[in-house]
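The values are calculated or read from the model by the stated rules, or taken from the named source; none is laboratory data. Here the structure is a predicted model, which is why all the values come from computation and not from measurement. We place every Cβ from the backbone using ideal geometry, glycine too, and count neighbours over all the protein chains shown.
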Amino acid sequence: MRGIEERAMSLYRQGKVPGSFYDGFGQEAISAGAAFAMAPEDRLCILHRDLAAHIVRGVSPTRILAQYMGRSGGLTRGRDGNVHFGDRHLGCVGMVSMLPDMLLVATGMAMAFKLRGERRCALTWFGDGSTSRGDFHEAMNWAGVQKLPVVFVLENNQYAYSTPVDKQFAVDPVEHAAAYGFVGLTVDGNDVEAMFEATHDARERALAGEGATLIEAVTMRMHGHAAHDDMKYVPTELVEEWRRRDPIDRQEERLRAAGVDVDALRASVAAELDAAVEEALTSPMPDPESATEGVFCAGEAEPLGDGQAPWSGFKS
Amino acid sequence: MTVLTYLQAISSALRDELRADERVLMMGEDIGVFGGAFKVTDGFIDEFGADRVMDTPLAESAIIGCAIGAAVVGMRPVCEMQFSDFISCGFDQLVNVAGKMHYRQGLAVPLVVRLPSGGGFSGGPFHSQNPEAWFMHSPGIKIVAPSTAEDAKGLLHTAIHDPNPVCFMEHKHLYRRVKGEVPEGVYETPFTARVARAGSDLVVVTYGAMVHVALEAAASESLDGASVEVLDLRSLVPLDVDAILDSVARCSKVVIVDEANATCAAGAQVAAVIAERGFEDLDGPVVRVAAPDVPIPFSPPLEQAVLPSVERVREACRELLEY
């Protein structure tokens, strides 16, 4: 995730990424850890700091980079930008800019699973700012009333654009979970294994008919809201403090201790991503003639497919 | 064929779909145990159970949002807004999530939102609106508005079979006032216009409850024997441009009637289409009759002053015929 976003930022600076650029630097453990805990038949609504979830589900780096650049080889074929995508064949629904909206879509997917008696689960991510809007309440309430198999991952990264959490809520949102009738817990969002464990347990509860879980993943947004944002409103010490808790550094230490050749792994990922950049750059821009195509579905409605979840640690 | 009211025809379509397709699911406030504020789903819960005729929390954004989630994993949800006015609370989910999904991601959202709409019974500013134009301006959402019992059932079947979000504008004032012969079983009425009354001197283009107002106004005895056509649009998205231009070509004079507020109403789009593509066929200005741009007032004399009446439509026709 970080490797793709670093290369995308470089492409942005070269003027090859239109619009702005959004990343999840420092928050990688949240989407990676949670997505690894989900099975292929589960369904995800993925937000803009959660690129790792797409990768876990099986989206290639080339398509992601082409997406950033508005190329025809991107996931939305240039129809939407940056991380506004979801590969429907891999069980993922792309976000909209009204960030809490996907809480309800995930709740509705879980509702369908429960109605049909299926052992599946839906998961969505959202941020601290999202908890201020009504859809957060409507989704939590609905999931509580109907005891639905859904996992809500709140990424508390301390800032919604420039608004700090103390201007966002008087009570930590994780405390709302009890009021809605389900489990709420706070996890170190910079620890990928803790994220995996918490999501795995939440999924188990969901499949056992015990309803929803709200996981608050505490982290820090290490970059601006988007590439144009210099984040002057964030105290430097706060960023420095969180830099020492970098989730990738922490996982690297663990891997080295376990005897993994991290340098070789890094080199192979870097080579793969450099090749992906080259390939994405060869993807043509979309044909302007196609701009009005595909507003409506003309054939049969095809529901979401299963994710490949190729490295999923999930064991049922 | 059986004779059903407009409301019974809607109920019949929903019941047939619930019987025929286990993916079909009703969601709404008070639609289960109570049978719906207008009793459209009366008794459904006994036949289909509380899971498929779901009493939801009082939360329109959640109704639409959860229906979207259910739709993309293979269900065919039919949502009821208790009054179409309340779709304002579900606007974001419908416009931004459902409406844009297929264009962005190729993911179909087969979803029907039933919108009991319209005034004429002192419902006041929050129970009388005709919000269809809000969604005409939002790509990715189809909109149909039946005026007869037969079309109410047929268009609803087509809407539920459609792989896209469809707003089904059912006019409350027609629920029990309009009845007609309705075919048995499942049939699809196309999302196209229908000539409700054939004529050659002038065409009234309209939809929904205003079709009945137009038909009464167009009765030949009241217009000195002029031959007035009434074109019932039935579908606003897609808009049947060919049928509109065909009527204009044959009649040369056009009155467009909206029950909705005039500015940017469906009829304004019809007028624009005629101006762009039917200008050479016109033999007079395009005339519009619509509600003025005010909230629909509560007190009967105020409400009647606002809603287009038979007399206003007749007067508009008379003036244009004399042009």
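Criterion applied to A:His84, A:His48 was being more than 10 Å from chain B (Cβ to nearest Cβ), in contact with a His (Cβ under 8 Å, 6 or more places away or on another chain) and surrounded by fewer than 24 Cβ atoms within 10 Å (Cβ to Cβ), and the one residue passing it is A:His48.
Among the residues of region A:177-195, count how many are more than 17 Å from A:Leu103 (Cα to Cα) and crowded, with 20+ Cβ neighbours inside 10 Å. If you could, list the steps in order and put the result at the bottom.
The initial filter retains those residues of region A:177-195 that are more than 17 Å from A:Leu103 (Cα to Cα), namely A:178-179, A:185-195.
Subset that is crowded, with 20+ Cβ neighbours inside 10 Å: A:187, A:189-192, A:195.
Result for region A:177-195: 6.
Being over 15 Å from the mean Cα position of the chain (by Cα), charged (D, E, K, R) and at the interface with another protein chain (Cβ under 9 Å from one of its Cβ atoms) narrows it down to one residue among A:Arg43, A:Arg116; which is it?
The conditions single out A:Arg116.
Would it be correct to say that B:Val230 is farther than 20 Å from B:Leu155 by Cβ and in contact with a Leu (Cβ under 9 Å, 6 or more places away or on another chain)? No. A search for C-beta distances below 7 Å between a residue of region B:288-314 that is outside the structural domain of B:Gly120 (by TED's automatic domain parsing) and under 26 Å from B:Val203 (Cβ atoms) and any residue that is modelled with pLDDT under 95 and not in a loop (DSSP other than H, G, I, E, B), counting only pairs 6+ apart in sequence or on different chains, returns B:Arg314/B:Ser222; B:Arg314/B:Leu223.
Got a sec? Which of B:Val254, B:Val287 is over 28 Å from B:Thr189 (Cα atoms) and buried (at least 19 other Cβ atoms within 10 Å of the Cβ)?
Details: B:Val254 fails: over 28 Å from B:Thr189 (Cα atoms).
After ruling out the rest, the residue left standing is B:Val287.
When each of A:Gly73, A:Gly78, A:Gly108 is tested for being at positive phi and either not in a loop (DSSP other than H, G, I, E, B) or not hydrophobic (A, V, I, L, M, F, W, C) (or both), the lone residue that passes is A:Gly78.
B:Ala249 meets all of the listed conditions (1) over 22 Å from B:Ser128 (Cα atoms); (2) free of Cβ contacts under 8 Å to residues at least 60 places away in the same chain; (3) not in a helix (DSSP H, G or I) but one, namely (3). Between A:Glu216, A:Glu279, A:Glu272, A:Glu252, the distinction of being in contact with a Lys or Arg (Cβ under 9 Å, 6 or more places away or on another chain) and surrounded by 13 or more Cβ atoms within 10 Å (Cβ to Cβ) belongs to A:Glu252 only. Please enumerate the residues belonging to region B:98-122 that are under 21 Å from A:Arg116 (Cβ atoms), within 8 Å of another protein chain (Cβ to nearest Cβ) and not small (Gly, Ala, Ser). Hits for region B:98-122 are B:Leu107, B:Val109, B:Pro110.
All conditions in (1) modelled with pLDDT of 95 or more; (2) within 14 Å of chain B (Cβ to nearest Cβ) hold for A:Glu279, with the sole exception of (2).
Condition check ((1) within 25 Å of B:Phe83 (Cα to Cα); (2) crowded, with 24+ Cβ neighbours inside 10 Å) across all residues:
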| site | (1), (2) |
| --- | --- |
| B:Val166 | yes, yes |
| B:Tyr175 | yes, no |
| B:Gly180 | yes, no |
| B:Tyr187 | no, no |
| B:Phe191 | yes, no |
| B:Ala196 | no, no |
| B:Val205 | no, yes |
| B:Met210 | yes, yes |
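Close Cβ contacts (under 9 Å, 6 or more residues apart or on different chains) running from residues in region A:136-156 that are away from every other protein chain (no Cβ under 13 Å) to residues that are of a type in the set (Lys, Arg) and not in a helix (DSSP H, G or I) comprise A:Glu155/A:Arg49; A:Glu155/A:Arg221.
If you go through region B:100-141 and keep only what is out of contact with any strand residue (DSSP E or B) (no Cβ under 6 Å at 6 or more places or on another chain), in contact (Cβ under 8 Å) with a residue 60 or more places away in the chain and under 30 Å from A:Leu44 (Cβ atoms), you end up with just B:His102.
Filtering B:Lys100, B:Lys153 for residues that are surrounded by fewer than 23 Cβ atoms within 10 Å (Cβ to Cβ), in a helix (DSSP H, G or I) and out of contact with any Lys or Arg (no Cβ under 7 Å at 6 or more places or on another chain) leaves a single hit, B:Lys100.
Among the helices (runs of 4 or more DSSP H) confined to region B:1-97, the ones with at least 2 residues that are within 9 Å of chain A (Cβ to nearest Cβ) are located at B:44-52, B:60-72.
Run down B:Ala305, B:Ala291, B:Ala268 and say which single residue is within 30 Å of B:Gly124 (Cβ to Cβ) and touching a strand residue (DSSP E or B) at 6+ places or on another chain (Cβ under 7 Å). None of the other options fit; the residue is B:Ala291.
Looking at region B:156-213, which of the residues that are assigned to a loop (DSSP other than H, G, I, E, B) and among the basic types (Lys, Arg) is nearest to B:Gly284 (Cα to Cα)? Spell out the reasoning first.
The initial filter retains those residues of region B:156-213 that are assigned to a loop (DSSP other than H, G, I, E, B), namely B:162-164, B:175-178, B:183-193, B:198-201, B:207-209.
Cutting the leftovers down to among the basic types (Lys, Arg) gives us B:176-177.
Working: B:Arg176: 37, B:Arg177: 35 Å.
For region B:156-213, the residue satisfying everything is B:Arg177.
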